[in-house]
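K.L.:
Below you'll find the structure I mean.
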Amino acid sequence: MVELIRTNDPVLLSWLTAALRGEDIEAIVLDTHTSVMEGSISAIPRRIMVLDRDLRRARRVLAEADRIGGGDRA
């Protein structure tokens, strides 16, 4: 698996995992428990990982998130 994005934005994480699922792209979010344990001060970003073979398609979905959000991705 490869990292698609690393962010502290819970809305982006939720939207992106749903959008990837809608495109039949398997994705997992890493560091969720670590992020919660550090007190939710956003010191540890969470990572969305996808299979190598899905990376190109996943990047297109991520580009759509950037387009919708005006490019203000953390």
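Taken together, the values in this text are just the output of simple stated rules run on the coordinates, not laboratory data. This is a predicted model, so every value here is computed, not measured. All Cβ positions, glycine included, derive from the backbone under ideal geometry; neighbour counts span all protein chains shown.
K.L.:
With Cβ to Cβ distances under 12 Å as the rule, what net charge do the other residues near VAL61 carry (K, R +1; D, E -1)?
P.N.:
+1
K.L.:
Which residues' amide hydrogens lie under 5 Å from the amide hydrogen of LEU4, considering only partners 5 or more residues apart or on another chain, with H built in the peptide plane?
P.N.:
ILE48, MET49, VAL50
K.L.:
Arrange LEU16, LEU4 by Cβ neighbour counts within 10 Å, fewest through most, would you?
P.N.:
Exposure proxy ranking, most exposed first: LEU4, LEU16.
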